[in-house]
């Protein structure tokens, strides 16, 4: 790669006078631009040295790759004369130029609170669905399974108890998560939830007489909004008391006063008022669903993916938990939002697969195939931002397919009894009696979206999608680089099959689940992710250190068998400039599998608000016949994580 020429091309394509500031991280240039619409996107897409681009948080990011990005950035600064900035400084520049959006801030708040408790609700909901499967007549005959096999009645009863618990005591879960988000003590937040759901409430004595006030002994089981407001008040009081009280009595009296005052306000004002608000919102949503039926579901399906692109969908879990809570109480039809999400995600995946068959661009084919699979499994960001929105018509084709399928699902009264993976695996969360019609709806979504995308793309935008152009001004350079690559082709022949091991103790998961478009869309290459449970990072292969960043948050290693492995610790941790990290290796150093590369203080990173996921990416994925995550990988460093298979010679 000629770093100077790459920098010149990027500057030309984004517009020299359009650049406000620039920084870089381990894999990409991060730019703040005056006007994103002035970027020559087609030229960047066709640049052989640019692995991808995307926009996020006011930054336009150009993916170059580990190692090379440093040199390209140096040339970029020399040519433009801009001041070198850290990614944290660049973030401030981007935020200063971005208008505050209170609606999006509120939605982000809800997302931060509800996303952590979704696993508990998924478990409870799926157990509820399993119990419905056992107790619903008409699935396998006139009688329910539990009636045909009486010996499982006890098991069914146990499952019913387990399924109801997360919803009955939802205020405790919400209280704990909300307290963390508001900066209060999590266990005090959980205590408020316990107070609101204690079994003694709602008994024979329905009121307390307090100084002439008749305070209702209302039990707030299944409720969400009242506990959110109560914990917000708790967080304010706790911070005030920490500030006001001397340290000698702070430890004792801050929790006492915060809980006592919040509890009193909860039963006298917060609970009665916001329970009414909560019930009114839920009833309005259910009324809208019951009134508009298939038409309303169709409109929702038609707009769902568009809502996802704005981030507004992050507020849906707050609504869905209320719908599921009502369903758990035997009220309401269930969660129709989840059904719509299934239709929309499958539709976007189908449109992405249509692009795979339309395009001849190998880079786009690879991205379309991997992001299409992830969309079908419920993770649509790679498909949306990496493929469908890039060409536009696949995105709108998928909206149409999703709208048709959602309307059919609404007509057939398909609803969910639980949260889960909103894609092909979504049947696990669907109310058992409606699973067959859910499957038909999904099939409609896939077929309609694929067909519309493919037919339109074939007939109208075939050349734009199918051809891979090289900018005319760079044709000579491209030819020279291609010839150089062919000369180096002998090196590819030395690649061997090998297994890449886990570099850290922790839970392995798919790269598509990473909350970063570069990694989730596999723009840097395929691989795996690990949610770490230990601080030490080990070498996953025997080879040579090619990259050892000063910020100590990422390492590059070329294995003895040819795999180029990038280990990236956390998301945006480059901003910490090495704080909470320690490195034991240098560039050019030889390491053996299992050698210590460095450490990362995982708990400190979490407290600082960083995602600690460790990404392990094979950056020369294109040189291999296949790169795949080992799905039954263990949770210890040194366990098998990724299998790479070389082309047959």
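Once the Cα atoms are used to define both axes, helix 336-358 deviates from the longest principal axis of the chain by about 10 degrees.
Take every pair of alpha-carbon atoms less than 8 Å apart whose residues are at least six positions apart; their mean separation over the length of the chain yields a relative contact order of 11 percent. Length available on full extension from residue 295 to residue 264: 0.36 nm per residue minus the Cα-Cα distance, which gives 6.6 nm. The distance from the alpha carbon centre of the range 351-378 to that of the range 55-72 is 23 Å, rounded to a whole number.
Got a sec? How would 582, 648, 362, 75 order by Cβ neighbour count within 10 Å, fewest to most?
Lowest to highest Cβ neighbour count: 648, 362, 582, 75.
Shown for the range 492-645 is the translational diffusion coefficient from the Stokes-Einstein equation, using the Kirkwood radius over Cα pairs, a temperature of 4 °C and a viscosity of 1.567 mPa s: 86 µm²/s.
With a Förster radius of 30 Å, plug the Cβ-Cβ distance of residue 92 and residue 643 into 1/(1 + (r/R0)^6) and report the FRET value to the nearest 0.05.
Calculated value: 0.10.
The distance from the alpha carbon centre of the range 222-274 to that of the range 617-636 is 49 Å, rounded to a whole number. Label positions at residue 456 and residue 592, each projected 7 Å from the Cα along the C-beta direction, are separated by 5.9 nm.
Taking only DSSP H segments of four or more residues, each worth -39500 (n - 2.57), what value at 222 nm results for the chain once the sum is divided by all its residues, to the nearest 500 deg cm²/dmol?
-16000 deg cm²/dmol
In plain terms, the residue of 371, 86, 37 with the fewest other Cβ atoms within 10 Å comes first and the most crowded comes last, giving 37, 86, 371.
In plain terms, the chain from residue 140 to residue 572 could stretch by 150.3 nm, reckoned as 0.36 nm per residue minus the Cα-Cα distance. The distance from the alpha carbon centre of the range 133-175 to that of the range 16-48 is 54 Å, rounded to a whole number. Once C-alpha pairs closer than 8 Å and six or more residues apart are averaged by separation and normalised to the residue number of the range 492-645, the relative contact order reads 34 percent. Normalising the average separation of contacting C-alpha pairs (under 8 angstrom, six or more residues apart) by the number of residues puts the relative contact order of the range 3-99 at 36 percent. If a/c stays under 1.5 just call it rounded; otherwise compare a/b with b/c (prolate if a/b is bigger, oblate if not). Do that for the range 164-222, with a ≥ b ≥ c from the square roots of the Cα gyration tensor eigenvalues. It is oblate, given that a/c is not under 1.5 and a/b is not larger than b/c. Binning the alpha carbon pair distances of the range 3-99 at 5 angstrom intervals from zero yields the distribution 2, 15, 29, 28, 19, 6, 1, 0, expressed in whole percent.
What is the helix-to-structure angle for 475-487, meaning the angle in degrees between its Cα long axis and the longest Cα principal axis of the chain, kept from 0 to 90 and rounded to the nearest 10? Its long axis makes an angle of about 90 degrees. With the cut-off at under 20 Å, measuring from each backbone N in the range 609-648 to a point 7 Å along the Cα-to-Cβ line of residue 542 picks out 637-646.
With axes computed from alpha carbons, what is the tilt in degrees of helix 153-168 against the longest principal axis of the chain, rounded to the nearest 10 within 0 to 90? Between helix and principal axis, roughly 80 degrees. Using the alpha-carbon positions of the chain, Rg (one decimal) and Dmax (whole number) come out as 27.3, 91 Å. For the range 565-622, the Cα gyration tensor yields ellipsoid semi-axes of 22, 15, 10 Å (square root of five times each eigenvalue, largest first, whole Å). Its convex hull of Cα atoms gives the range 191-318 a direction-averaged projected area, equal to a quarter of the hull surface, of 11.6 nm².
Between residue 36 and residue 625, the modelled label-to-label distance comes to 4.1 nm, taking each label 7 Å out from Cα in the direction of the beta carbon. In terms of surrounding Cβ atoms within a 10 Å radius of their Cβ, 438, 232, 287 rank from fewest to most as 287, 232, 438. Peptides 352-359, 536-543, ordered by how many other C-beta atoms sit within 10 Å of their residues on average, highest first, read 352-359, 536-543.
Using only C-alpha atoms and all pairs of different ones, pull out the Kirkwood radius for the range 268-362 in Å with one decimal.
Values: mean 1/r = 0.0647 Å⁻¹.
So the Kirkwood estimate lands at 15.5 Å.
Here the mean projected area of the convex hull built on the C-alpha positions of the range 335-466 is 6.7 nm². Applying 0.36 nm per residue to the separation of residue 148 and residue 78 and subtracting their alpha-carbon distance, the gain on full extension is 17.4 nm.
Across every pair of non-identical alpha carbons in the range 225-275, the mean reciprocal distance, once inverted, gives a Kirkwood radius of 11.2 Å. Per residue, the convex hull spanned by the Cα atoms of the range 111-276 measures out at 152 cubic angstrom.
Computed from the coordinates by the stated procedures, all read-outs in this text should not be read as laboratory data. Since the model is a prediction, treat every value here as computed from it, not as a measurement. All Cβ positions, glycine included, derive from the backbone under ideal geometry; neighbour counts span all protein chains shown.
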